[in-house]
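J.: Structure in structure tokens, see below.
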Amino acid sequence: MYCPFCGRETAENAVFCGSCGKRLESAPSNENKPEALSQENTQSSENVSYYNGSQGGPGYPPYQTKKKFFKKNAVIISAIAIFIALAVIAGLIITSSFSGPVASISKAIVKTFNCDSFDFSAKIYAGGQSFDFDGTIVFNPEERIFELYAEYKDYYGHAASILIKDGISVSDEGDYIDRDDISEALDSIFDTYEDIAYETKKEKINWKKLFKTLHIYNDDIDYELFGEVLNNFLADLNDPDYINEHLGEYKKERKDSGTVYSFDINSKKLSDELTDVFGEVFDIRRQETSISNNFNSLTSSTVVYSSDSYSVPFFGGDDFLMEFTLMSGYLSEFYFDTSDLNVEVTLSKFGDTEIDSEVIDKYSEYLEQSK
């Protein structure tokens, strides 16, 4: 099987091309090997490591070598910060006395994050690569606790694991174990969480102070107007008619897995609506080029996967789909899909799980180095 976009050989039944990253399911079939590959899509084999050890050859996407998957803890810290930010945002929405789809999802997120622990499973397809994660999260921001154990495996069989406990990150990639002290970074995140949580619990939020806490303060922002506009926008987001008219298509269905809230969003509509709603607040309309006119460059700069030859934007294509499944008041499933990225997350054992003691014992010598 060959990619109809770049001409390189791909694995049978692959969802994405391993060379150019294009989604294959929507592409016209092309079973015949192309006569020649374009120079633009042909990669040099110099200084490129491949998982099977070969240098070059179609069908084997470039691999970042064994010792680099968990090496950069900045990625892990950013993921933790985003995780905690979701809890804050969801809490902000439900304290605003809204009712509707977004409020229901936010209540489920808050209940999930407040249950202290849960197991998770995630499948990610990006840039021609597939990644599977399974693990456990222990999370209590009031007690300043964040613990994680996750096992990772990709399509080509490369396996790794990571343990975060007591401010220490231990990544294990078989013949290589890396240990990092991330306690200061976690403390900084929890400090910010406490400041934001304190501000958002006030009867009237000081948005100027809140933005400063998030280190995104700007003199051009009308903070008083922002609070009013945001409140109205959140109310609109809980109106199915508003979503269908201004953003895309909204559906709510009851299935065996729970209640599914589905948002099929048109990227251009979303960009235009955000510009119209928040334009005056952020002084967008007085700029020479609006966010709406610069949407392609804006979205392409938000990258979730990259290699020497291509990158995968978070909001790829003209539309993106988000589905939230709620069961017993918890967020049990999340699905996100664009033309370049596919994410499936399943959560379970809410408040009834912990990191296996055998895992902690296995890496105890690395954890105890900090004591």
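The values are calculated or read from the model by the stated rules, or taken from the named source; none is laboratory data. Small disclaimer: the values here were computed from a predicted structure and weren't measured. Here the Cβ is made from the backbone with ideal geometry for all residues, glycine too, and neighbour counts use every protein chain on show.
J.: Is there a residue being aliphatic (A, V, I, L, M) and in contact with a strand residue (DSSP E or B) (Cβ under 6 Å, 6 or more places away or on another chain) anywhere in region 171-179? First the steps, then the outcome.
T.: If we filter region 171-179 for residues that are aliphatic (A, V, I, L, M), which is where we start, we get 177.
Still in the running and in contact with a strand residue (DSSP E or B) (Cβ under 6 Å, 6 or more places away or on another chain): none.
Checked against the condition, which is being aliphatic (A, V, I, L, M) and in contact with a strand residue (DSSP E or B) (Cβ under 6 Å, 6 or more places away or on another chain), region 171-179 yields no hits at all.
J.: A further question on this structure: Do any helices (runs of 4 or more DSSP H) lying entirely in region 211-282 carry at least 3 residues that are at pLDDT 90 or above and among the hydrophobic types (A, V, I, L, M, F, W, C), and which ones are they?
T.: On the way: elements: 223-237, 240-246, 267-278.
Answer list for region 211-282: 223-237.
J.: Listed residues Asp239, Asp220; which is within 16 Å of Glu280 (Cα to Cα) and in the same structural domain as Val102 (by TED's automatic domain parsing)? Outline the logic, then answer.
T.: Numbers: Asp239 fails: within 16 Å of Glu280 (Cα to Cα).
Just a single option satisfies the conditions, and that option is Asp220.
J.: Here's a follow-up. Please enumerate the residues belonging to region 234-258 that are surrounded by fewer than 16 Cβ atoms within 10 Å (Cβ to Cβ) and touching a residue at least 40 places away in the same chain (Cβ under 8 Å). Steps first, answer last, please.
T.: To start, the set of residues in region 234-258 that are surrounded by fewer than 16 Cβ atoms within 10 Å (Cβ to Cβ) comprises 240-241, 244-245, 249, 251-257.
Scanning region 234-258 gives Pro240, Lys252, Lys255, Ser257.
J.: Output the number of the condition that Ser106 fails; it satisfies all remaining conditions of (1) over 30 Å from Asn231 (Cβ atoms); (2) under 17 Å from the mean Cα position of the chain (by Cα).
T.: Unmet condition: (1).
J.: Same structure, new question: Keeping to region 245-265, report how many residues are among the polar types (S, T, N, Q) and either closer than 24 Å to Phe226 by Cα or not assigned by TED's automatic domain parsing to the domain that holds Met327 (or both).
T.: First, the residues of region 245-265 that are among the polar types (S, T, N, Q): 257, 259, 262.
Filter again for either closer than 24 Å to Phe226 by Cα or not assigned by TED's automatic domain parsing to the domain that holds Met327 (or both), leaving none.
The qualifying residues number 0.
J.: If you go through region 292-340, how many residues are outside any loop (DSSP other than H, G, I, E, B), hydrophobic (A, V, I, L, M, F, W, C) and either outside the structural domain of Thr112 (by TED's automatic domain parsing) or modelled with pLDDT under 85 (or both)? Full working, then the answer.
T.: Step one: list which residues in region 292-340 are outside any loop (DSSP other than H, G, I, E, B), which gives 295-300, 303-306, 311-313, 319-327, 330-337.
Within this subset, residues satisfying the condition of being hydrophobic (A, V, I, L, M, F, W, C) are 295, 298, 303-304, 312, 320-322, 324, 326-327, 331, 334, 336.
Applying the additional criterion that residues be either outside the structural domain of Thr112 (by TED's automatic domain parsing) or modelled with pLDDT under 85 (or both) yields 295, 298, 303-304, 312.
Result for region 292-340: 5.
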